[in-house]
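The values are calculated or read from the model by the stated rules, or taken from the named source; none is laboratory data. On a predicted model such as this, the values are computed, not experimentally measured, just so you know. All Cβ positions, even for glycine, are placed from backbone atoms using ideal geometry, and neighbour counts span all protein chains on display.
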Amino acid sequence: MRTFSDLEMDALAEAFNLSLGEAAATFSAIVHEEIELSVPIVEFISRDELTRRLQGDKADQDPTRLCRINQSFTGSDGLVTDALLLFPEHGSLEIVRRMLGDDTPIAHITELEQDALAEIGNIIINSCMSSLANLFGTELIGSLPRVQCSDAAHLLDDKAADNLILVARIGMVMSAHNLSGFVLFLMDVPSVDQFMARVAHLFRLPSAALQ
Amino acid sequence: MNDDHLLADSVDIGLILLDHDGRIRLWNRWIAQRATRAAHEAEGMTLTEAFGNHIDPRLTLVVREAIDFGWTARLSHALHPMPLPLFPPGSDHSQRMMQAIDVTPTTDGTRRMCLLQVRDVTEAVHREALLKQQAHQLRNDLQRLSRAQEELQRSEMRFRELARQAPAGLFEADAEARCTFLNERGEQLLGRELAHVAGSPWPNLLPAAEQERIHDRWLLAVKSATRFSEEFRYIHPSGRPLWLRAEAGALRDQHGQIRGFIGTIVDITEFHERASRNEFRANHDSLTGQLNRDHFERHLRAAISGAREVTDRIALLFIDLDDFKVINDTHGHQAGDTVLKAVAYRVRRVVRAEDRVARYGGDEFAVLLYEAGDDRSLAAIVAKITHAVALPINLGHCHVRISCSIGLAVYPDDAQDPNGLLNQADLRMYDGKRGRPARAGLAPPTA
């Protein structure tokens, strides 16, 4: 697996920090609520490793159900990435129902709630991607958001096992609610290289760091 | 473009295509049916021109973003219930249709355009509203149920604790009198555990003489739906005879049918014993244990009123001890008492069990003989009494002898009423004491 220097990773974290910060501001404006995002922790890991982490230590008992909001992006220069936002289903429900002023005791997310969650994810992902595109000086065209909720073990089944996943873990605080989620970028190896080259360019990293 | 229009008009979703300048290029039939504008009117207009100023501002924003930056957006119904002024086909346009809109960038080959896909979510909203209503209902029902269960548990605990501490025996029994509950005190009273009495009707635990009466009373209480309240004898497994009182009220099921009884069992042995002691004291002479004068006369009156209907003879004997005062003066009052007790005992032994013996006054005794028989047998009884009294009486340090005088009167021969009979017997007793011949009927005994 390709490795990255500390310098590169710091630069990545900074790029996400900038883009997610804007995402939070947009989101706050939409829901009329103060939203704080913690500084993202960024790393590259494989799909299976991510699945293991999502399952946590509860793999055998009561599986953690997660909701995933997924949009695919294609850059004008060939960069292809899937942007994913993952939240625990329970936390997602809380946020959506809170925004809708609803206290329905239904355990799983309904069709309309999934739609609302798609919109929320769409806003965050769009904002994030647009500031990345802005920073990179390029254009990223996105697909419509798709929402899926399932056990952590099967959440990434549709993704290729050998893809590298760029994971940015963010903490989201919304009024009294603490919600921890992940922003994920799934890319094939050429896309990763391209992505990192842009980051290096952005932060004017020495080209040696890319070797 | 015509083919595109044909296709766009045949889908069950709203499609609006905007060109790079935000002007309408496609307005499919689905939209035309729900907006107040036909396709040929709308084409070439901006969204604002086509719909007026009644568009959700966010929709305008995301349309711009799609055209300028190639972003996609979803406007969910939950956050944007009715972004466009669209109305259900055939409605009076008073209420906007519930919608969800997807905005995606597209291109005509050279310049970027924007496609709006509008979905009617009315069905989904109604479905979910119903689902939520049911979920709320279910939650409320569950809460009510769990509150009721808690209350039930509390009251059961309360009852159990009360039953445990109660000083009275508590029991519950079904309509067939089979015991279904018995508290600790109840088990103590009966000397039996619930498990041992549960199988058969509880009156079966009683002495044979009581069983039928109590069982009948129980069935009567069940049939007439009245309170069961009875006193009965009970032999404790330790052999101790008890008097118990059971009181019970009916328990009914939801149809008002009697399901059983719940009530108390109390030990009234002491009360019973005290009452019978008091009764004995009131009716008996405390020294000799024989009837007292009042009670004897009640028996006499009852015997005469009973005898009037049959032809029985009833005999009354008056017995007076001769020179009893001498024994008192010589040996003391205690010796006198011993003599009185001995005489009473002896007279009692001579007559039959159903006959009555009383201490009538200081040293006077009276005997009532039912079905007295003829004069000869009466004379034999008088002789037996005279003889029995005359036997030596042991005073501990010496023996004394005492004789008695007996007056006899017979109903109906000598008198028709109790007083007449008493007078006659009294007179004859005194005649005998003075050595005079008897005034009537029977000759004085010649023992």
Filter the range B:56-66 for residues that are within 14 Å of another protein chain (Cβ to nearest Cβ) and free of Cβ contacts under 8 Å to residues at least 40 places away in the same chain and give the result. B:D56, B:P57, B:R58, B:L61, B:E65
Subset tally (residues that are under 30 Å from A:S76 (Cα atoms) and loosely packed, with under 11 Cβ neighbours inside 10 Å) for the range B:96-142: 3
Only one residue in B:P105, B:P57, B:P81, B:P85 is of a type outside the set (A, V, I, L, M) and in contact with a His (Cβ under 7 Å, 6 or more places away or on another chain), so which one is that? B:P85
In the range B:183-200, residue modelled with the highest pLDDT [restricted to those that are of a type in the set (G, A, S) and not in a helix (DSSP H, G or I)]: B:G191
Residues (crowded, with 21+ Cβ neighbours inside 10 Å, in contact with an Asp or Glu (Cβ under 9 Å, 6 or more places away or on another chain) and more than 7 Å from chain B (Cβ to nearest Cβ)) located in the range A:110-151: A:C128, A:A133, A:V147
Taking helices (runs of 4 or more DSSP H) that do not extend beyond the range B:240-359, which have at least 2 residues that are in contact (Cβ under 8 Å) with a residue 40 or more places away in the chain and surrounded by fewer than 16 Cβ atoms within 10 Å (Cβ to Cβ)? B:293-307, B:333-350
Would you point out the residue of the range B:112-126, among those that are over 15 Å from B:I16 (Cα atoms) and more than 9 Å from chain A (Cβ to nearest Cβ), that is farthest from the chain's Cα centre (by Cα)? B:T122
A:S191: modelled with pLDDT of 85 or more and among the hydroxyl-bearing types (S, T, Y), yes or no? no
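For (1) closer than 20 Å to A:L117 by Cα; (2) assigned to a helix (DSSP H, G or I); (3) of a type in the set (D, E, K, R); (4) in contact (Cβ under 8 Å) with a residue 60 or more places away in the chain, each residue gets a yes or a no:
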residue	(1), (2), (3), (4)
B:D12	no, no, yes, no
B:L17	no, no, no, yes
B:R25	no, no, yes, yes
B:R37	no, no, yes, no
B:G44	no, no, no, no
B:H54	no, no, no, no
B:L79	yes, no, no, no
Looking at the range B:88-95, can you tell me whether even one residue there is within 21 Å of B:R25 (Cβ to Cβ) and either touching a helix residue (DSSP H, G or I) at 6+ places or on another chain (Cβ under 9 Å) or surrounded by fewer than 18 Cβ atoms within 10 Å (Cβ to Cβ) (or both)? no
State the number of residues belonging to the range B:385-426 that are in a helix (DSSP H, G or I) and buried (at least 18 other Cβ atoms within 10 Å of the Cβ). 9
Mind counting the residues in the range B:321-353 that are under 18 Å from B:A303 (Cβ atoms) and out of contact with any strand residue (DSSP E or B) (no Cβ under 9 Å at 6 or more places or on another chain)? 1
Single unsatisfied condition, A:L66 versus (1) within 11 Å of chain B (Cβ to nearest Cβ); (2) in contact with a strand residue (DSSP E or B) (Cβ under 8 Å, 6 or more places away or on another chain); (3) buried (at least 23 other Cβ atoms within 10 Å of the Cβ): (1)
In the range A:100-109, what residues are within 7 Å of chain B (Cβ to nearest Cβ) and touching a residue at least 12 places away in the same chain (Cβ under 8 Å)? A:L100
Residue by residue through the range B:80-111, note down the ones that are in contact with a strand residue (DSSP E or B) (Cβ under 9 Å, 6 or more places away or on another chain) and away from chain A (no Cβ under 14 Å). B:L84, B:L86, B:P88, B:M97, B:D108
Could you please find all residues in the range A:96-109 being surrounded by fewer than 23 Cβ atoms within 10 Å (Cβ to Cβ) and either touching a strand residue (DSSP E or B) at 6+ places or on another chain (Cβ under 6 Å) or closer than 19 Å to A:I69 by Cβ (or both)? A:R97, A:R98, A:M99, A:L100, A:H108, A:I109
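Only one of these is away from chain A (no Cβ under 12 Å) and either surrounded by 15 or more Cβ atoms within 10 Å (Cβ to Cβ) or under 30 Å from A:L135 (Cα atoms) (or both): B:F51, B:F69. Name it.
Of B:F51, B:F69, the one residue that is away from chain A (no Cβ under 12 Å) and either surrounded by 15 or more Cβ atoms within 10 Å (Cβ to Cβ) or under 30 Å from A:L135 (Cα atoms) (or both) is B:F51.
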